[in-house]
Structures are given as C-alpha cells and as structure tokens.
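First comes the structure, then the notes that go with it.
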Amino acid sequence: MMSLRIALLGIYHESNTFLDELTTLPDFEKGHWLFGDDMILEYKDAHHEIGGMIEVLEREGVELLPVMYAEATPGGIIASETYNHLLQKMMDELERVLPVDGCLVVPHGAAVSEVFRDMDGHWLSLLRERVGGNIPIIGTIDPHANVSSLMVAATDGLVAYKTNPHVDQRQVGKEAADMLIRYLKKAIKPSSFLFQIPLAISIEQQYTGKDPCKSLYDYATQLSKEKDILSVSIVLGFPYADVKEMGSSVIVITDNNEKRALSIGRKIEDYIIENREAFVGVKKDISSVLPLIAESKKPILMLDMGDNVGGGAPGNSTFLLEILERSGNSKCFICLYDPNAVRQAEQYEPGACFKINISNDEDESKQLVINARLVALSEGKFKETDPRHGGQVNFDMGRIAIVQTEKGNTIMLTSLRAFPCSLRQLTAFNIHPKGFDVIIAKGVNAPIAAYEPVCPVIIQVNTPGVTQADMTLFKYKNRRKPLFPFERVW
Ligand SMILES: [Zn+2]
C-alpha cells in the first residue's frame, strides 16, 4: 500500500469583537506564521497540538504534508483583506500538496473576520469543498471556541483541549491525529454531534483545576469511557465575541452511534443546567482584595481580568499598578505593553532616573507619569519549553525596558503585546518572581500554569477594561437568545 498523505493546516485566532482595532497582517507576521517544514521545526517538540500531530504521523510512518499555520495574539476582528490573504496563501499551498488522503486542521474556533463572523466555519467549509466529501478532516479546537454547526458539518471530528490553562494541547493533537489514522485504516467511522447549550460560562469560572469546571470535566471523562464514544469535548466558549454561536457547547464524537451521542450530550447539558448558578461566578473588586495583601503568603498573583491579553485586551492598563503605587507598601511586578514608554527609556542608560509617561490612555491628561530608575534595556525574546498555556516555545516582546518606581515596584515595558503564560518572561531578564509581594498578570486563567509553582495565593480581580469579567455589561447584537445568565432560561 502507498503511504497515506496527510495535510496539516490552520488559521488560529481568538477575536474580541468589542475592540475597535482590527487584527491585520503584521499581527500574524509578528506572531507565528509558518509554512511547510518550518511548522515542523517550530512545533515538533512543543507542547502545542501540532507537536502531538507530528508525533503520531511520524510514528505511523505516513507522509506528513505541512501546508500553513498562522496564529496571532488574541485581538480585534480580523481585517477582511488580511483574512483573504491568509486564506489565499493557505489554499495555494494546499494545491501544491493535493491529492491527500486526509487533513489535520488547527482552528481556534473563535475567529471572526469583518465579513465572516464564523471565520473558522468559513475556511473549514472551503477546505471541505476543495478536498471533497470523502477525505476525512479532523482537528483540534480551543475550549474558548464558540462552535458553529458549520464548523462541525465541515469536519469529521473536532477535539477540544481538556484543560484551562491549556497544558494538554500536545495530547489533544495526538488524539485528533490518532482518530484520523484509525479512520483512514477503516477501524472507526467518526460522526460528530454538537450540542449548543443556552448558557455562557463566565470567564473566571472556566478554570479546570477547580470546581465548578473540575467536576464537569471529570463527569465528561467518565462518560467518554462508554461504548462507541471516541471523544467528548466540553467547549466553554468565548464571551468577548458578539456572534450567533457565542456560548458553551459540547461536541460528542462517536463511532457511528447517534443514539449514544444524543444520550451523552443530553446528560452533560442537564449537568450544566442543573449547576448553572455555579458557572456565573463571583466578581471580586480590588477594594475587597487590598486588605488580603498583608495577611497572605507572598508572592500573590493578581489576575487583571479586565486587561486580559489572552482575551484580546492590549495589556496596558495601569489600574492595579496605580492602586498599589498609592497604597505604597507592597513590592509589585507588572508587565505593560507600551512601545512609547520603551522609546522614552531608550534615551537613557541603565541606572538613570527620569520621569516616564505610561500611555495607558489616549487622553494625555489620564496618562500616568512616574519617577523611575532604568534597570535594563533589552531585546524581549525568550523560550519556554515546559507545558504552558498556548504551547508556544518562542516568544518575542520586541524591545523591552525594565524600570523601577520610587515606591519599589518593577515595571516591564514591551514593544509587542506579551502573553503572560511563562515565568521565563521574567527570569530570562534577571527578574525573580519570589522577590515580589504581588505579581500582576494580564489574564484570568492562562497565567496560572506558569505562576502557580511560585505564587501560593492567586486572586482574580474584577478590573475595568475591554475584557471585564461581567459579560452582562457588554452590548451584544448577534448572540443567541435566550441565553443564561443574560436571560432566565429555566
Ligand atoms: Zn483558550
């Protein structure tokens, strides 16, 4: 038998539709945009789903045809011409490897372009059209996907990561690749069922290490052991996208057993509905958090939920920094995306003291001016090889400046947006997390995987910003109705 030929491809983005700024080509160029063998070089050993896929395909001795993979840091809606360009490139590259026996796909599941609100459903459908109905298409998605019927109809199986922070991406990539191989060997006939639950899980309740999600995932794992079940995915959803399919869902993949899929989907739906109040969450304001600083073990990880880089926020809010500067009795670390401040710092030599203007707001009167001492200037590149949220190895924050305020707080200023999912972001630049009372990270759950080993106390703070935790404060025009907790459904 000729060896099987498998194409590997994806466009991966989480788009926050509440941001004014669009995501454009440079965001992908500065992110991870790779073709052919460069995909293998970047991810072969990474804790990324593509790494898991490569491992299985190499083990099976099939012919791996890496096509294209494009990923940008979560941000605004993808500009129409950017999407067209990425899509055209991917389809052109695909032409060069066709015909294939199967496709492994790597969408995120929450991508929105100006024209295609269900962008993942759109490109997966075009892929289906091009390769035809008989060529299996199987892949992975992020549990922050808002899954559409189109995504499920265009593919033979989508498997979501089972952890948040996402530390099992490589494993899930292996599961998807295994499913494709078994299908091609005619050992199984996957069929997928999507259950869109009329409920959206609040962002800070999406941590899988604790309840309510821990018990929900345990229940799904238990059900996935039933006969003919190939995969059960809990998809938490991405609240910062005003799209029809926004909300939580379940994907059940069976070995051609519709009855079983329906029964399992309903059981999980019933479980979520029964426990719905637990998925709403408590929003802790900074006023209730401040008194905890003195009595808590250090360092405390404060998660700035309103400026969540992983949810598309810029990562430049000084809301928590200003409060800690004023309270003045705790040493904190914060990383801020601020190319202007980096340029100001570059005028000086390390050791110099100067006034720095932090451009957290376009309105100059609201900008923060701090007396600071320059600690270091550097290229912001670092590597992470441990399993951490996102599965990336190579990070680039652009030029960075590290300054210390008169109050003793340390600020890392970056020229590119930096996703706080690796301690190497600090340690590679000689910053030691254990030396702080408070570490502010711009995220909700993603940073936990990196910081849990050094931070005995972790607090999600309900801060203002474009990713504020209370989704009921956003004005949606396109979401499903009724949807809990926006409307009373039960
Ligand atoms: Zn995610």
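Please give the Cα centre distance for segment 26-79 versus segment 361-395, rounded to the nearest Å.
Value for the Cα centre distance between the two parts: 25 Å.
Sorted from largest down, give the three principal axis spans of the alpha carbons of the chain, whole angstrom values.
Taking the Cα atoms of the chain, the three principal extents are 70, 51, 38 Å.
Among the listed pairs LYS44/LYS162; LYS189/LYS267; LYS174/LYS283, give every one whose C-alpha distance is greater than 30 Å.
LYS174/LYS283
Report the FRET efficiency, 1/(1 + (r/R0)^6), for GLN222 and ARG488, where r is their Cβ-Cβ distance and R0 is 22 Å, rounded to 0.05.
0.15
For the pair GLU452 and ASP45, what calculated FRET efficiency results from E = 1/(1 + (r/R0)^6), where r is the Cβ-Cβ distance and R0 = 22 Å, to the nearest 0.05? Display every interim value, and only then the final one.
Details: r = 23 Å, r/R0 = 1.05.
Here the calculated transfer efficiency is 0.40.
In percent, how large is the relative contact order of segment 147-228, given Cα pairs closer than 8 Å and 6 or more residues apart? Working shown, then result.
Numbers: 44 pairs, mean separation 25.7, N = 82.
It rounds to 31 percent for segment 147-228.
If you take the charge dipole of the chain about its Cα centre, with +1 on Lys and Arg Cβ and -1 on Asp and Glu Cβ, which of PRO456, ALA278, LEU416 is farthest toward its positive end?
Checked the options; the winner is ALA278.
Taking the Cα centre of segment 346-434 as origin, work out the dipole magnitude from +1 charges on Lys and Arg Cβ and -1 charges on Asp and Glu Cβ, in debye rounded to 20.
Dipole magnitude for segment 346-434 comes out near 360 debye.
Mind listing the phi-derived Karplus ³J(HN,Hα) values for segment 236-248, rounded to whole Hz, using 6.51, -1.76 and 1.60 with θ = phi - 60°, and x for any glycine or proline?
Ordered by residue, 3J(HN,Hα) equals 5, x, 10, x, 8, 10, 8, 10, 4, 8, 4, x, 8 Hz.
With each label point set 7 Å from Cα along the Cα-Cβ vector, what nm distance links GLU362 and LYS185?
The modelled label-to-label distance comes out at 5.7 nm.
What dipole magnitude, in Debye to the nearest 20, does segment 286-469 give about its Cα centre under +1 on Lys/Arg Cβ and -1 on Asp/Glu Cβ? It would help to have the intermediate numbers written out before the result.
Values: 17 positive and 19 negative charges, 89 e Å.
That gives segment 286-469 a dipole magnitude of about 420 debye.
Count the lysine pairs in segment 286-469 whose Cα atoms sit under 16 Å apart, keeping only pairs 8 or more residues apart in sequence or on different chains.
Counting lysine pairs in segment 286-469 gives 8.
Along the Cα-to-Cβ line of GLU406, 7 Å from the Cα, sits a label point; which residues in segment 361-393 have backbone N less than 16 Å from it?
368-374
Give me the distance in nm between label points sitting 7 Å out from Cα along the Cα-to-Cβ direction at GLU274 and ASN430, one decimal.
Simple spin-label model gives 5.8 nm for this pair.
Spelling out what I want: for every residue of segment 442-456, take phi, set θ = phi - 60°, compute 6.51 cos²θ - 1.76 cosθ + 1.60 (Karplus), and round to whole Hz; glycine and proline get x.
These are the phi-based 3J(HN,Hα) values: 8, x, 10, 10, 3, x, 4, 4, 7, 8, 4, x, 10, 10, x Hz.
For the chain, what is the mean residue ellipticity at 222 nm derived from helices alone (per DSSP H run of n ≥ 4: -39500 (n - 2.57); sum divided by total residues; nearest 500 deg cm²/dmol)?
-8500 deg cm²/dmol
Taking a ≥ b ≥ c as the square roots of the Cα gyration tensor eigenvalues, with a/c under 1.5 meaning rounded and otherwise prolate when a/b beats b/c, else oblate, which class fits segment 286-469?
rounded
Taking only C-alpha pairs under 8 Å that are 6+ residues apart, what is the relative contact order of segment 208-277 in percent? Provide the component values of the computation, followed by the final result.
On the way: 72 pairs, mean separation 19.2, N = 70.
Relative contact order, segment 208-277: 27 percent.
Given R₀ = 30 Å, FRET efficiency for ALA376-GLU322 by Cβ-Cβ distance, to 0.05?
0.80
Among VAL115, LEU41, SER288, which residue has its Cα furthest toward the positive end of the charge dipole of the chain, with +1 on Lys/Arg Cβ and -1 on Asp/Glu Cβ?
SER288
Give me the number: length gained by fully extending GLU58 to LEU126, i.e. 0.36 nm times residue separation minus the C-alpha to C-alpha distance, one decimal in nm.
That works out to 21.7 nm of additional length.
Can you tell me the dipole magnitude for the chain around its Cα centre, using point charges on the Cβ only (Lys, Arg +1; Asp, Glu -1), in Debye to the nearest 20?
Value, rounded to 20: 1000 debye.
So for segment 5-279, averaging the separation of alpha carbon pairs under 8 Å that are six or more residues apart and normalising by length, what relative contact order in percent results?
Averaging sequence separation for qualifying contacts and normalising by length gives 20 percent for segment 5-279.
Let me make sure I get this right: for segment 5-279, a, b and c are the square roots of the gyration tensor eigenvalues over alpha carbons, sorted descending. Under 1.5 in a/c it's rounded, otherwise prolate if a/b > b/c, else oblate. Which is it?
Here segment 5-279 falls in the oblate category.
Bear in mind these aren't lab numbers, they're just calculated from the coordinates by the rules spelled out. Just so we're clear, the structure is a prediction, and the values are computed from it rather than from any experiment. Glycine gets a Cβ as well: all are built from the backbone with ideal geometry, and neighbour counts include every protein chain shown.
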